[in-house]
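No value in this document is a laboratory result; all are computed from the given coordinates. Keep in mind the model is a prediction, meaning the values are calculated, not measured. For neighbour counting, all protein chains shown are included, and Cβ atoms are generated from backbone atoms with ideal geometry for every residue, glycine included.
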Amino acid sequence: MSEAEDPDITIIKARKLKELQKIAAIQEKLKSRNQKDTMPKTNREIVSVYLYDRGDEVLALAETQFPIQTRAIVDKIAEIIRLGEINQKISGGELLALFRSVGINIRLNTSIRVEDHGKLVSFSDKLKYENEDSSAKA
């Protein structure tokens with residue numbers, strides 16, 4: 001190698017080193033962000049991830065109606081999830097059945113809806129309209 005190539009090679013190596021340092025810095029930032037995101041979640045957050053089909057609604061109602069008992073149950077469910085014994089989603093119906101099986105009767109807001117001329121109407125409104133129609137005809 002001649003002496004003229006050495007400064008060029010040195011410059012190229014310096015550029016490459018600078019690029020690698022930038023990439024390493026970016027990866028370090030991403031790694032630190034991911035570590036912040038993977039900080040231990042609360043038991044409520046762990047259980048919420050496993051809920052579907054109105055499960056979050058059932059849990060919210062349980063927390064408002066029976067806060068102490070619900071916290072204890074959520075803690076137990078989270079512990080079972082951490083142990084890996086629960087690996088599937090929990091539906092709202094299953095969660096409600098669990099609460100009722102331990103004696104916690106959660107009151108849910110329920111409504112019956114029926115289809116009337118292509119629209120969903122509450123059952124009580126449907127009966128009211130039918131009674132009004134029959135009264136008007138008589």
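Overview of results
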{"item": "Sparse-neighbourhood loop sites, trypsin sites (Lys or Arg not before Pro) in the stretch 63-93 - DSSP loop, at most 15 other Cβ within 10 angstrom", "result": "Lys89"}
{"item": "Calculated FRET value between Ile112 and Gln88, using beta carbons and R₀ = 30 Å, to 0.05", "result": "0.50"}
{"item": "0 to 90° range, to nearest 10: angle between helix 67-83 axis and the chain longest Cα axis", "result": "50"}
{"item": "Where a label projected 7 Å from the Cα of Leu127 along Cα→Cβ would reach, residues of the stretch 87-116 with amide N under 16 Å", "result": "110-115"}
{"item": "Convex hull of the chain built on C-alpha atoms - directionally averaged projected area, nm²", "result": "18.8"}
{"item": "Anchor Lys119: lysines whose Cα lies under 23 Å away (excluding residues fewer than 8 positions away in-chain)", "result": "Lys128"}
{"item": "Amide hydrogen neighbours beyond the local backbone of Asp116, cut-off 5 Å, H modeled", "result": "Val121"}
